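Undergrad: Below is one structure. I have some questions about it.
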Amino acid sequence: MKNENSTPRRRVAVVGAGITGPLLSLCLVRLGFEVDLYEAYMRRAQDVGSFLNLAPNGRAVLERLGLADRVLEQGTVADSIGFANHKGRELAQNPETTTNIMRGELSGALRDAATDAGAKLHTAKRLVALDATGDGCWRIGFEDGTRAEADLVLGCDGVHSTTRRLLFPDAPRAAYTEVVGSGGRSEIGAADLPVDGRFHMIFGLRGFFGYQVTSPGVVWWFENHQETRERSFAELAEVDDAQWVSLLADRHRPDPAVVRRILTASTGPVGRWPVHEVPPLETWHRGSAAVLGDAAHAVAPHLGAGAALGMEDAYELALALHEHPTAPQAFTVFEESRRDRVAAMAKQARQTGAVMTPDRWITRVIRDLMLPMAIKQGVRKGTEAYSYRPSPWPVRGD
Ligand SMILES: Cc1cc2nc3c(=O)[nH]c(=O)nc-3n(C[C@H](O)[C@H](O)[C@H](O)COP(=O)(O)OP(=O)(O)OC[C@H]3O[C@@H](n4cnc5c(N)ncnc54)[C@H](O)[C@@H]3O)c2cc1C
């Protein structure tokens with residue numbers, strides 16, 4: 001689908017301006033496509049208080065596009081990840097450099113980069129309908145009653161993707177992983193916890209806890225624990241922040257004291273979510289429409305891999321659309337190149353999740369005996385998982 005001067009520019013509708021969508025928009029605009037980026041929200045409630053850890057493969061995509069410094073400006077680099085058990089014993093260290101950044105900041109910086117490049121961002125536009133017109137285009141309907149048309153529709157609308165549901169009505173829905181995640185920010189005495197450049201992960205007895213001291217006295221933290229009964233986002237939001245933090249502090253009573261110290265020093269909003277994954281789909285495309293990022297393959301969060309996978313997708317799909325004469329050809333090549341990678345990451349994320357917080361004491365004893373080895377293996381696999389590096393960008397001058 002190379003854009004020669006004689007051919008009209010392809011109109012692309014990208015649905016969802018989280019992480020994958022803005023990056024894809026930017027790549028496509030740089031390759032000569034005309035891009036409208038539609039986003040349901042002005043600002044997502046889910047982004048409040050939560051950060052994500054961007055793996056080196058995600059950073060590599062941003063670097064290849066010359067965006068890393070700009071987009072990650074508000075982030076904090078961790079030069080290693082340390083793992084400890086509930087007794088505080090250090091189990092392993094991953095020497096990978098990662099970046100922690102608030103989700104809202106990352107998404108906002110990517111949106112700004114996409115619009116600066118020439119993508120048109122439309123907020124408060126929730127996709128609700130998608131109809132193929134007879135001539136190979138798409139008519140797109142939004143919740144506010146407005147409509148738009150496009151030659152290609154690319155759904156980057158996340159784990160509960162409407163694009164996915166409209167394109168593949170029989171595809172399985174996102175499945176609850178029996179994990180609830182939370183994230184927040186705490187202020188703690190600067191002398192108590194030094195800025196050590198490390199992302200700390202603690203396998204607590206009844207929950208997994210991670211934190212980094214991002215500047216003197218300021219700590220970003222996240223927590224994942226198991227809850228068998230699914231509570232909706234709205235139901236979780238009914239518990240106020242102070243009560244939520246106090247429940248987490250109770251949950252982590254048997255763990256190293258630092259966990260409770262950080263939790264009880266929380267300031268500002270505390271994000272929390274039921275965590276879902278997308279079961280493998282038969283296909284990611286139909287005609288000239290496709291899904292990518294979490295919309296196609298949201299994986300459990302235990303590897304901290306989803307955002308970087310979405311960035312890889314955005315880069316690879318843009319290149320495929322540039323290289324191949326028709327959208328279905330590009331989508332087929334894209335899927336073939338991505339499926340194994342995504343499946344391997346999903347499997348690894350599930351395996352990691354399974355050893356995090358076992359219920360039975362005997363499993364815990366075995367876990368503690370096996371953990372150093374398992375973590376070392378996991379670190380090696382994680383290093384492999386992070387090893388994706390994007391091929392050179394095909395257009396000069398960007
Ligand atoms: C608890 C938890 C912790 C995580 N931690 C990490 C981590 O440390 N590192 C990491 O790499 N990943 C992490 N992830 C995964 C990561 O957040 C996702 O993989 C990543 O956000 C996917 O990006 P995306 O753009 O594909 O989807 P999203 O970021 O979900 O963006 C989708 C966008 O589409 C919009 N949208 C939805 N429906 C519509 C509609 N109908 N019309 C228009 N717009 C719509 C949404 O508002 C949103 O802006 C974590 C996930 C969870 C749940």
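Undergrad: For segment 11-81, just say rounded, prolate or oblate: build the C-alpha gyration tensor, square-root its eigenvalues into a ≥ b ≥ c, call rounded for a/c under 1.5, and beyond that prolate if a/b exceeds b/c, oblate if not. Walk me through the numbers before you get to the answer.
TA: Values: a/c = 2.86, a/b = 1.32, b/c = 2.18.
Here segment 11-81 falls in the oblate category.
Undergrad: Of Lys120/Lys347; Lys120/Lys381; Lys87/Lys376, which pairs sit farther than 28 Å apart, going by alpha carbon to alpha carbon?
TA: Values: Lys120/Lys347 37 Å; Lys120/Lys381 39 Å; Lys87/Lys376 18 Å.
Pairs exceeding 28 Å: Lys120/Lys347; Lys120/Lys381.
Undergrad: Largest first, how would Trp393, Trp138 line up by accessible area (1.4 Å probe)? Before the final figure, lay out each step's value.
TA: Working: Trp393 35, Trp138 10 Å².
Sorted descending by solvent-accessible area, the residues read Trp393, Trp138.
Undergrad: Now a separate question. Once ligands and nucleic acids are excluded and a 1.4 Å probe is used, how much of Ser182 is accessible, expressed in Å² to the nearest 10?
TA: 0
Undergrad: At R0 = 25 Å, how high is the FRET efficiency between Ala249 and Ala191 if r is their beta carbon distance? Nearest 0.05 is fine. Before the final figure, lay out the partial values.
TA: Values: r = 22 Å, r/R0 = 0.87.
E(calc), rounded to 0.05, equals 0.70.
Undergrad: Take Lys376 and Arg350, extend 7 Å from each Cα along the Cα→Cβ direction, and tell me the distance between the two endpoints in nm.
TA: Here the answer is 2.8 nm between the modelled labels.
Undergrad: Between Ala242 and Glu323, 0.36 nm times their residue separation minus their Cα-Cα distance comes to what? Write down the numbers at each step before the final one.
TA: Numbers: separation 81, 0.36 × 81 = 29.16 nm, distance 5.26 nm.
Value of the extension gain: 23.9 nm.
Undergrad: Can you give me the C-alpha center-to-center distance between segment 177-192 and segment 252-276, rounded to a whole angstrom?
TA: First find each Cα centre; the distance between them is then 4 Å.
Undergrad: Okay, moving on. As I understand it, the value is the acute angle between the Cα axis of helix 20-30 and the longest principal axis of the Cα atoms of the chain; what does it come to in degrees, rounded to 10?
TA: With both axes taken from Cα atoms, the answer is about 40 degrees.
Undergrad: A follow-up question, please. If you line up the long axis of helix 327-354 against the longest principal axis of the chain, both from Cα atoms, how many degrees apart are they, to the nearest 10?
TA: Its long axis makes an angle of about 10 degrees.
Undergrad: Right, something else. So which trypsin sites (Lys or Arg not before Pro) in segment 41-140 end up in coil per DSSP with only 14 or fewer other C-beta atoms within 10 Å? Each step should come with its number before you reach the end.
TA: On the way: sites: Arg43, Arg44, Arg59, Arg64, Arg70, Lys87, Arg89, Arg103, Arg111, Lys120, Lys125, Arg126, Arg139; in loops: Arg43, Arg44, Lys87, Arg89, Lys125, Arg126.
Here the trypsin sites (Lys or Arg not before Pro) that fit, given the DSSP loop and packing criteria, are Arg43, Lys87, Arg89.
Undergrad: Kindly state, to the nearest 0.05, the FRET efficiency for Thr133 paired with Glu282, given R0 = 25 Å and r defined as their beta-carbon distance.
TA: On the way: r = 25 Å, r/R0 = 0.98.
With R0 = 25 Å, the Cβ-Cβ based efficiency is 0.55.
Undergrad: At 1.4 Å probe size, with every protein chain present, just tell me what the per residue accessible area of the chain comes to in Å². Show your work: numbers first, answer last.
TA: On the way: 17330 Å² over 398 residues.
It amounts to 44 Å² per residue over the chain.
Undergrad: Then there is this: Could you tell me which GluC sites (Glu not before Pro) in segment 224-328 are loop residues by DSSP with no more than 15 other beta carbons within 10 angstrom of their beta carbon?
TA: Working: sites: Glu227, Glu230, Glu235, Glu238, Glu277, Glu282, Glu312, Glu316, Glu323; in loops: Glu227, Glu230, Glu238, Glu282.
Answer in residue order: Glu227, Glu230, Glu238, Glu282.
Undergrad: Run the paramagnetic zone check for Arg231: 7 angstrom along Cα to Cβ, then residues of segment 263-306 with backbone nitrogen under 18 Å.
TA: Hits in segment 263-306 for Arg231 at 18 Å: 263-264, 269-276.
Undergrad: Continuing with this model, one more query. Helix 306-323 versus the longest principal axis of the chain: what angle, 0 to 90°, nearest 10, using Cα atoms?
TA: Helix 306-323 sits roughly 20 degrees off the main axis of the chain.
Undergrad: Starting from the Cα-Cα distance between Glu143 and Lys120, subtract it from 0.36 nm times their residue separation and give me the gain in nm to one decimal.
TA: Values: separation 23, 0.36 × 23 = 8.28 nm, distance 1.87 nm.
Gain in length upon complete extension: 6.4 nm.
Undergrad: Describe numerically, in nm with one decimal, the distance between label points set 7 Å from Cα along Cα→Cβ at Glu90 and at Ser215.
TA: If labels sit at Glu90 and Ser215, their model points lie 2.7 nm apart.
Undergrad: Would you please give the residues with an amide H less than 5 Å from that of Glu230, counting only those at least 5 places away or on a separate chain, with H modeled from the backbone geometry?
TA: Correct list: empty.
Undergrad: Rounded if a/c is under 1.5, else prolate if a/b is larger than b/c, else oblate: which is segment 176-277, with a ≥ b ≥ c the root eigenvalues of its Cα gyration tensor? Provide the component values of the computation, followed by the final result.
TA: Working: a/c = 1.94, a/b = 1.67, b/c = 1.16.
Prolate, because a/c is 1.5 or more and a/b exceeds b/c.
Undergrad: Also, quick follow-up: Quick check: from the Cα gyration tensor, does the chain come out rounded (a/c under 1.5), prolate or oblate? Don't skip to the answer; put the middle values down first.
TA: On the way: a/c = 1.84, a/b = 1.76, b/c = 1.05.
Prolate, since a/c reaches 1.5 and a/b exceeds b/c.
The values are calculated or read from the model by the stated rules, or taken from the named source; none is laboratory data. Bear in mind that the values here come from a model prediction, so they are computed numbers and not experimental data. Don't worry about glycine lacking a Cβ; one is built from the backbone with ideal geometry, like all the others, and counts go over all protein chains shown. Areas reflect the complete protein model, heavy atoms only, side chains present, ligands, DNA and RNA absent. Shrake-Rupley method; radii C 1.70, N 1.55, O 1.52, S 1.80 Å.
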